[in-house]
Amino acid sequence: MFALVCFSTTSVSAQKYGHLSFEEVLSEMPQTKTARSSLEEYNASLEADFKNMQDKLAQKIEAANQRYGSGEMSDSERNEKLQEIQKQEAALQEKIKAFQQQFAKRQNELTEPLFDKLGKAIEDVVAEGGYAYIFDTTNMLYIASTADDITDKVKAKLGM
């Protein structure tokens with residue numbers, strides 16, 4: 001998800017390497033839990049709004065089918081209702097897109113400060129430790145034994 005490589009001006013022969021699990025630190029940050037909870041509430045609200053719209057449309061369709069089935073609706077009225085329902089279905093699809101965009105925007109608003117805070121903590125550890133490179137071990141297959149695990153140092157910078 002997020003790869004981080006920090007460069008330093010140290011000489012090639014004295015390069016110091018470090019690694020951390022960005023995902024591990026991020027998931028353990030108290031602010032992440034708060035953001036996740038807020039997103040879940042926001043998503044539930046959007047889903048409730050969508051379900052309400054969907055239910056109203058289903059009721060309208062059912063009422064139209066009953067009226068047509070009982071002969072209370074002419075073919076021309078039925079065609080008008082069908083067109084109206086198709087417009088509402090299209091509007092519902094557009095609302096889904098809008099909800100997805102709203103959710104993505106809210107997610108970015110909540111997670112960007114977390115990434116910034118974590119990035120600053122990593123930068124501080126890099127500067128203090130004189131690291132030339134920091135690797136995110138979230139998706140790495142091999143970590144050299146000469147590389148320092150800075151996960152605990154970053155967590156300490158974050159007050160964890």
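The values are calculated or read from the model by the stated rules, or taken from the named source; none is laboratory data. Because the structure is predicted, anything quoted here is derived from the model rather than measured. Backbone-built Cβ (ideal geometry, glycine too); neighbour counts: all protein chains shown.
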Confirm whether F2 is modelled with pLDDT under 90, touching a helix residue (DSSP H, G or I) at 6+ places or on another chain (Cβ under 9 Å) and aromatic (F, W, Y). yes
Yes or no: G130 surrounded by 10 or more Cβ atoms within 10 Å (Cβ to Cβ), closer than 30 Å to Q15 by Cβ and either among the hydrophobic types (A, V, I, L, M, F, W, C) or within 19 Å of the chain's Cα centre (by Cα) (or both)? no
With the requirement that a residue be touching a helix residue (DSSP H, G or I) at 6+ places or on another chain (Cβ under 9 Å) and either surrounded by fewer than 16 Cβ atoms within 10 Å (Cβ to Cβ) or among the polar types (S, T, N, Q) (or both), what does region 140-158 give you? I143, D148, D149, T151, A156
The correct count of residues that are among the β-branched types (V, I, T) and free of Cβ contacts under 8 Å to residues at least 24 places away in the same chain in region 76-105 is 0
Any chance A91 is at pLDDT below 95 and over 30 Å from D55 (Cβ atoms): no
Limited to region 58-92, what total is found for residues that are of a type in the set (A, V, I, L, M), surrounded by 11 or more Cβ atoms within 10 Å (Cβ to Cβ) and within 23 Å of F103 (Cα to Cα)? 2
